[in-house]
1. For residue 59, state whether it is on the phi > 0 side of the Ramachandran plot, exposed (fewer than 10 other Cβ atoms within 10 Å of the Cβ) and at pLDDT below 95.
2. Within the range 68-93, can you find the residues that are outside any helix (DSSP H, G or I) and in contact (Cβ under 8 Å) with a residue 12 or more places away in the chain?
């Protein structure tokens with residue numbers, strides 16, 4: 001018997017936030033930094049997620065609980081977050097290239 005696939009609101013929200021994040025990474029609106037989530041008007045790839053998700057900014061970073069909620073809402077687990085950190089800080093891929101990696105690997 002055919003059963004229609006219906007996405008739950010949580011799945012739809014997850015895809016929406018992830019898509020907004022990927023679009024923001026590619027937009028050219030964000031200048032990139034390394035070693036910190038945010039330095040002035042520059043953001044690392046995860047910092048862009050937190051900014052897009054509206055996580056409160058604290059002392060040049062972002063609220064820790066808000067960061068966890070934003071990653072969960074975008075469907076990003078700790079392993080993926082760690083990989084994104086390496087791509088941004090060590091490999092120094094561009095934000096656009098990191099967006100490509102997120103699309104291909106999450």
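1. Yes: the conditions hold for residue 59.
2. 75, 76, 92
The values are calculated or read from the model by the stated rules, or taken from the named source; none is laboratory data. Just so we're clear, the structure is a prediction, and the values are computed from it rather than from any experiment. With ideal geometry, Cβ positions are generated from the backbone for all residues, glycine too; neighbour counts draw on all protein chains shown.
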